[in-house]
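Structure, as structure tokens:
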């Protein structure tokens, strides 16, 4: 099977607040599963379709303020988690400051590859 990842992923568990302002607006919280310089994987408690935009605030250990980004859902699938109603989602970063992604990757690279 051909590897489709554009960048290496690392196990990184960050608290994340996210919201969407599509047809139905909502706010929620989750925790990342892994992260790369181009995006992250996270569990969602409501189904969002690929193409949906999210505003993200990541609480990265060692940094005082949350890191803000905009992301786009690229894929979703049933979660490996046994909790009903949870889906895993791949989120591509659409907008994040270079210095912020550097901070995220500095912490993430301390963890194992995903």
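The set of residues in the range 51-77 being surrounded by 12 or more Cβ atoms within 10 Å (Cβ to Cβ) and in a loop (DSSP other than H, G, I, E, B) consists of 52, 60, 63, 66.
Just one residue in the set 41, 29 is touching a strand residue (DSSP E or B) at 6+ places or on another chain (Cβ under 8 Å), free of Cβ contacts under 8 Å to residues at least 60 places away in the same chain and either surrounded by 15 or more Cβ atoms within 10 Å (Cβ to Cβ) or over 22 Å from residue 110 (Cβ atoms) (or both); that residue is 29.
In this structure, does residue 17 turn out to be surrounded by fewer than 17 Cβ atoms within 10 Å (Cβ to Cβ), outside any loop (DSSP other than H, G, I, E, B) and in contact (Cβ under 8 Å) with a residue 40 or more places away in the chain? Here the answer is yes, as residue 17 does meet what is asked. Among the residues of the range 36-50, are any in contact with a helix residue (DSSP H, G or I) (Cβ under 6 Å, 6 or more places away or on another chain) and not in a strand (DSSP E or B)? For the range 36-50, residues in contact with a helix residue (DSSP H, G or I) (Cβ under 6 Å, 6 or more places away or on another chain) and not in a strand (DSSP E or B): present.
For the range 82-100, the criterion of being in a helix (DSSP H, G or I), over 13 Å from residue 43 (Cβ atoms), out of contact with any strand residue (DSSP E or B) (no Cβ under 6 Å at 6 or more places or on another chain) and in contact (Cβ under 8 Å) with a residue 60 or more places away in the chain is satisfied by no residue at all. I'd like the full set of residues that are closer than 21 Å to residue 113 by Cα and touching a helix residue (DSSP H, G or I) at 6+ places or on another chain (Cβ under 9 Å), limited to the range 51-96. Passing the criteria: 58, 60, 61, 62, 93.
A short reminder: the numbers here are calculations on the coordinates, not readings from a lab. A quick note: this is a predicted structure, and the numbers were derived from the prediction, not measured. For neighbour counting, all protein chains shown are included, and Cβ atoms are generated from backbone atoms with ideal geometry for every residue, glycine included.
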